[in-house]
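Student: Handing you a structure now.
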Amino acid sequence: MKRNERIAFYDLDEERLVLGTLLNDPDKLVEVSSILDEACFYHDFHKQIFKIIKELDKKGKKFDFMVVKRELRGRINEEKDTPLFFEIVGQRVYTNLYEHAAILKDASARRQIEDNLKNALSLIPCVTEDPFEIIEKVRNALDGIYSDQTSGVITLREALEGAYKIIQNNINNPDASSGTPTGFRELDRKGILKPGYLTVIAADSSQGKTSLATSFCVNAAIAGAKQAFYTMEMSPVELSQRILSKTSGVNGVRIASAQLTAEEFSMVDKGLAPIYNLPLYFDGKSTSTIDSIISSIRMMKKRYDIDGAIVDYLQILSVNSNSGSGDEMQLGIFARRLKNIAKDLGIWILALSQLSRDKVDVAPSISRIRGSGQITEAADVVLLLYRPEHYGRDKKYPEPFSNVSTENTAMIDIAKGRSIGTWKFICGFNAETTQFYDLLDIPHINPSASSEDKPF
């Protein structure tokens, strides 16, 4: 390099690659939104494209290259810039988008340093400027660039201070909930719904996965948590009927399809009041694919500042996917994407999963989760739900609950718990309202009872 040769602090090819990727796969914006801004793009046309992308995203609107193209009308030279636009659309990064975005961020920082040093050099000949003030101006400007680059970095000391605060809070409030409350003491002491967490509820068909998730959801909402609920099996109205059944005590089937008695109607009225204004949101149009759900979650976070989201359930998403990947690989990808969006947005995700059938041993195990290796690897917490009475009177709970009555009860097995450990506990279950609830006293089998009298 010649002595006076200037280095160009930009890379137009990288800019086109990053923009092309975002225009073809808008969901990837979440991967780079923490480091990319308009200043990262040197070319004015590229700045304009990214500005529109951010504007649409901020409003919670879905975008693709056609939407952005429409938004560009009136802002650009159509004849000159349209061919450039389609050149960008034809390019994309298939892996490691973050690394390419980091290159743009680095170049942007270098341009800012150069601009600030140029400004300092222009002030030196000015006799009215105090040299120390010039130094201070440069220092403040450079510190601003540095702090922007390191805004996500914390020291061990800062992390330990955060950990110590948690310890103090647990000492001062032994019964306080860690994370979003679920209404179950055994879970709330350690917390299964924390920002950045992916929690999975897994069970056989008809065991009550949706009902348990709904119980968590309602209890969390009563505590003030804002949530989005995505279900592939029910409409928002059907789900609300389940919720109303839980709070009113009226059979859900009767709420949906029967003429209620005066007493039942009164119970529904009383059950409606405490939940009528709960911060629960449904997006009935965004429940068919993982892409639409991810986009909707991002919109819900921006528009309603949600604390968490429920996805019911992973295997249906796999069926709806047009991907050519194998089923287990798909499920793993979906789980990791949900984990990533939870971490990026600082919310929790509660995802439901089906177990594969086992006619010999119906008790749930983590190995029976469909796509188990991939899903459990991505999940922070895995809950297994088991109701023996669903399978007949001869079924019992495993140890240490073999003497616990299976009538109107259920076992929740925390089979994986990152940072919280694993354990099992018994909760109550109301078949009339499909409601799971905390138990103060665990009902045990009466050893003297005849086989006809034993619960089933």
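Values in this text are rule-based calculations from the coordinates and carry no lab data. Computed from a predicted model, the values in this text were never measured in an experiment. All Cβ positions, even for glycine, are placed from backbone atoms using ideal geometry, and neighbour counts span all protein chains on display.
Student: Going by average Cβ density within 10 Å per residue, which order do the peptides 63-75, 290-302, 23-35 take, highest to lowest?
Tutor: Per-residue Cβ counts within 10 Å, averaged per peptide and sorted highest first, yield 290-302, 23-35, 63-75.
Student: Follow-up question, since we're still on this one. Residues with beta-carbon under 13 Å from that of H43, excluding H43: net charge, scoring Lys, Arg +1 and Asp, Glu -1? Don't skip to the end; give the middle numbers.
Tutor: Details: positive: R16, K47, K51, K80, R111; negative: D11, D13, E14, E15, E38, D44, D81, E87.
Net charge in that neighbourhood comes out at -3.
Student: What is the gain in length, in nm to one decimal, between E263 and R303 on full extension, counting 0.36 nm per residue of separation less the C-alpha to C-alpha distance?
Tutor: Length gained, E263 through R303: 10.5 nm.
Student: K80: net charge of surrounding residues, Cβ under 13 Å, Lys/Arg +1, Asp/Glu -1, itself excluded? Display every interim value, and only then the final one.
Tutor: Values: positive: R75; negative: D44, E78, E79, D81, E87.
Residues close to K80 contribute a combined charge of -4.
Student: Once you list every other residue whose beta carbon is under 13 Å from the beta carbon of G179, what net charge do they have if Lys and Arg are +1 and Asp and Glu are -1? All intermediate terms of the calculation are to be shown ahead of the outcome.
Tutor: Numbers: positive: R189, K190, K194, R418; negative: D188, D307, D380.
Taking every other residue near G179 into account, the sum is +1.
Student: Okay, moving on. Just to check I understand the Karplus step: with θ = phi - 60° and J = 6.51 cos²θ - 1.76 cosθ + 1.60, what whole-Hz values come out for region 213-226, glycine and proline as x?
Tutor: Per-residue couplings from phi come out as 4, 5, 4, 4, 4, 5, 4, 5, 5, 4, 7, x, 6, 8 Hz.
Student: Further question on the same structure: If we sort 83-90, 213-220, 437-444, 342-349 on the protection proxy, mean other Cβ atoms within 10 Å, highest first, what's the order? Could you put the intermediate results ahead of the total?
Tutor: On the way: 83-90: 15.1, 213-220: 24.6, 437-444: 12.5, 342-349: 21.1.
Ranked by mean Cβ neighbours within 10 Å, highest first: 213-220, 342-349, 83-90, 437-444.
Student: With 18 Å as the limit, write out which pairs from K59/K301; K226/K270; K395/K416; K301/K339; K28/K339 have Cα-Cα distances beyond it, or answer none.
Tutor: Checking Cα-Cα distances, K226/K270; K395/K416 exceed 18 Å.
Student: For Q435, enumerate residues with amide H under 5 Å from its amide H, sequence gap 5+ or separate chain, H modeled in the peptide plane.
Tutor: For Q435, the qualifying residues are N430.
Student: To continue, here is another question. Please arrange S402, S240, S367, S211 by counting, for each residue, the other beta carbons lying within 10 Å of its beta carbon, fewest first.
Tutor: The most exposed by this proxy come first: S402, S367, S240, S211.
Student: Here's a follow-up. So if each residue of separation counts as 0.36 nm, and I subtract the Cα-Cα distance between A256 and H43, what length gain in nm does that give? If you can, show how the numbers build up before the last one.
Tutor: Values: separation 213, 0.36 × 213 = 76.68 nm, distance 5.86 nm.
Contour length minus the Cα-Cα distance gives 70.8 nm.
Student: Using the alpha-carbon centroid of each, what span in Å lies between region 13-41 and region 46-119?
Tutor: If you average the Cα positions of each part, the centres end up 7 Å apart.
Student: 7 Å from Cα along Cα→Cβ at both Y98 and E432: what's the point-to-point distance in nm?
Tutor: According to this spin-label approximation, the distance is 5.2 nm.
Student: What is the extension gain from D361 to N446, computed as 0.36 nm multiplied by their sequence separation minus the C-alpha to C-alpha distance, in nm to one decimal? Provide the component values of the computation, followed by the final result.
Tutor: Details: separation 85, 0.36 × 85 = 30.60 nm, distance 2.46 nm.
Length gained, D361 through N446: 28.1 nm.
Student: Report the chymotrypsin sites (Phe, Trp or Tyr not before Pro) located in region 258-307 that are in a DSSP loop and have at most 10 other Cβ atoms inside 10 Å of their Cβ, or state none.
Tutor: Details: sites: F265, Y276, Y281, F282, Y304; in loops: Y276.
Listed in order of number, the matching sites are Y276.
Student: Rounded to whole Hz and in sequence order, give me ³J(HN,Hα) for region 429-445 from the Karplus expression 6.51 cos²θ - 1.76 cosθ + 1.60, θ = phi - 60°, writing x for Gly and Pro.
Tutor: 9, 9, 5, 5, 10, 6, 9, 9, 8, 5, 10, 7, 10, 8, x, 10, 5
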